[in-house]
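Scroll down for the structure; my scribbles are underneath it.
The values are calculated or read from the model by the stated rules, or taken from the named source; none is laboratory data. As the structure is a prediction and not an experimental result, all values here were calculated from the model. FYI the Cβ positions are ideal-geometry reconstructions off the backbone, even for glycines, and counts take in every protein chain you see. Keep in mind that these areas ignore ligands, DNA and RNA; they rest on the heavy atoms of the full protein, side chains included. Shrake-Rupley method; radii C 1.70, N 1.55, O 1.52, S 1.80 Å.
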Amino acid sequence: MTLVLAGHSSGGFEEGIYFASDSHITQNNHVLVKGFKKVIEIPIRVKGLNFCGEWFNGYSGNSYQGACSVAFAGSSLVAQHLINSMKNHLTELFPTYYNDSYQIVMSCETNKHLRQTDYDDSMFLDSHLDTILTAEYVSQVICHSIEAVLNKAREHCSMSRLFTAYQAEFILGVQCPQTREYHLYQYEIVPDQELGAKVEITRVNQNELAVIGAKKFKDDALIELAQCEGEEKPSEKIFRFLNSVIESETSIGNNGIGKPSGLYNLQGSILTRIGFER
């Protein structure tokens, strides 16, 4: 079991997205690992364009480098495989011109990549390319990355029968390169009668919480958040709540969630640990 809570930070250095997370990896209530980091950075890279005059010579280097943050809950083995898929997709994005519009596409969408040919020198200006990478697009790449793994798993015809092995949840925090606003998304792999499993994505608004793992604590966490007053920071309030839950669960012999716990803040492209409790 896992408990990760995430929300929108506010005020000074902490403006961005915060994550409060436990660090236990368990099996049948036996602790396998303590101190496992469940909130990570994932790079975002968009390829550069190499032109010789009007001739497109191919993709070269990176025209954009940033990062987002992802938290996970569920089978650590399956989750790590899904995170690898996210990394593979987000670190190889390609600007292109497709269906009469400038777009960014993934490495697997080779039919949409630019071909080596002549393009008018009025095309592919910075004003065309600087506006096409958005937080919403990043969220869709994350969703596609999960679905790509599920599509491969369906080839083995065991997804419905072994659904619990595929269960995983994720939280994405990202700053939009266009608006500079912070966005929070939650993903869950849920059973589906036809597909065996599918991905559900939810956008988490300001003054709401994303909770993965032990979601039974979400209502209590929202009550705590609503009671945040004055100069008290929501991130610190939720971190104290997380630690109180861990202590309560540990006292009754439930090792599913446990310390050390961490409080992280995503500001821009940088994820920083701003709280820690053993």
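Side notes on the structure shown:
To keep it simple, each residue is scored yes or no on (1) in a helix (DSSP H, G or I); (2) crowded, with 17+ Cβ neighbours inside 10 Å.
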{"residue": "83", "(1), (2)": "yes, yes"}
{"residue": "86", "(1), (2)": "yes, yes"}
{"residue": "111", "(1), (2)": "yes, no"}
{"residue": "122", "(1), (2)": "no, no"}
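- Just so you know, in the range 124-141 the residues that are open to solvent by 70 Å² or more (accessible area, probe 1.4 Å) and in a helix (DSSP H, G or I) include one that is farthest from residue 92 (Cα to Cα), and it is 127.
- Residue among 212, 201, 238 that alone is touching an Asp or Glu at 6+ places or on another chain (Cβ under 6 Å) and touching a residue at least 24 places away in the same chain (Cβ under 8 Å): 212
- The range 244-257 residues that are free of Cβ contacts under 8 Å to residues at least 60 places away in the same chain and within 17 Å of residue 218 (Cβ to Cβ), paired with ones that are assigned to a loop (DSSP other than H, G, I, E, B) and open to solvent by less than 40 Å² (accessible area, probe 1.4 Å) (beta carbon under 9 Å, 6 or more apart): 248/254; 249/214; 249/256; 249/257; 249/258
- Out of 65, 103, one residue alone is assigned to a strand (DSSP E or B) and loosely packed, with under 14 Cβ neighbours inside 10 Å. It is 65.
- Strands (runs of 3 or more DSSP E) (entirely within the range 154-226) containing at least 1 residues that are modelled with pLDDT of 85 or more and touching a Cys at 6+ places or on another chain (Cβ under 9 Å): 168-175, 182-192, 196-204
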